[in-house]
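The values are calculated or read from the model by the stated rules, or taken from the named source; none is laboratory data. The structure presented is a predicted model; accordingly, all values stated were derived computationally and were not measured. Here Cβ is always computed from backbone atoms with ideal geometry, including for glycine, and neighbour counts include all displayed protein chains.
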Amino acid sequence: MIPDDHLDNLVRHIERVREACLMLGKRLIAQGREHFGRMLIARGFVHDASKFYGIEWDYMHMGPNVSEASKQLAIDHHRRTNDHHPEFWGGIESMPEIAVAEMVCDWYARGQEFGTDLRAWIRQEAVTRYSLSVDGLHYAWIESFVNLLLAKPFT
């Protein structure tokens, strides 16, 4: 039996990502990137759908009888089969811009869920975890998407 909070947390996460994709997509459309914005909005409606099936449904939670090893197998499966994860591409520098945009929306939602600062997490964690060059194109995409999603920080 899957705990109710697993389903609730999953649906809440997907809704947050969908809302972020909608917000970012509309802001990109306003900048004249109509097709790209619309494609991002569409991706938000199918984000993480694989988590409802198979190994991901069975083990991507810490409910009763779920070992850490099984959970890690499910997480690895998810990352390898969903193109908004760098692992799908063999690294963040190989990701197309649309997948990067959805990834940023995913990070944005996770930041809300854990109460963390998205900009700080990118600087302190993502740069190292994904061997991300702060002078590269992918970092520039990430920064531009974050700036469209978040208000300017207080100075």
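So that you can scan it fast, the table gives a plain yes or no per residue for (1) more than 22 Å from ASP83 (Cβ to Cβ); (2) crowded, with 16+ Cβ neighbours inside 10 Å; (3) of a type outside the set (Phe, Trp, Tyr); (4) modelled with pLDDT under 95:
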residue: MET103; (1), (2), (3), (4): no, yes, yes, no
residue: TYR108; (1), (2), (3), (4): no, yes, no, no
residue: GLN124; (1), (2), (3), (4): yes, no, yes, no
residue: TYR130; (1), (2), (3), (4): no, yes, no, no
residue: VAL146; (1), (2), (3), (4): no, yes, yes, no
residue: ALA151; (1), (2), (3), (4): yes, no, yes, yes
residue: PHE154; (1), (2), (3), (4): yes, no, no, yes
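Would you confirm whether any residue within region 3-11 is closer than 19 Å to ARG110 by Cβ, touching an Asp or Glu at 6+ places or on another chain (Cβ under 8 Å) and crowded, with 16+ Cβ neighbours inside 10 Å?
yes
Could you run through region 12-23 and say how many residues are charged (D, E, K, R) and crowded, with 19+ Cβ neighbours inside 10 Å?
Result for region 12-23: 2.
Check off (1) closer than 22 Å to HIS138 by Cα; (2) surrounded by 14 or more Cβ atoms within 10 Å (Cβ to Cβ) for PRO96 and give me the number that stays unchecked.
(2)
Name the pairs whose Cβ atoms lie under 9 Å apart, with the first residue in region 44-66 and assigned to a helix (DSSP H, G or I), the second modelled with pLDDT of 90 or more and among the β-branched types (Val, Ile, Thr), and 6 or more positions between them or separate chains?
Once the first residue is assigned to a helix (DSSP H, G or I) and sits in region 44-66, its partners that are modelled with pLDDT of 90 or more and among the β-branched types (Val, Ile, Thr) give GLY44/ILE14; GLY44/VAL17; ALA49/ILE14; SER50/THR81; LYS51/ILE14; GLU56/ILE75; GLU56/THR81; TYR59/ILE75.
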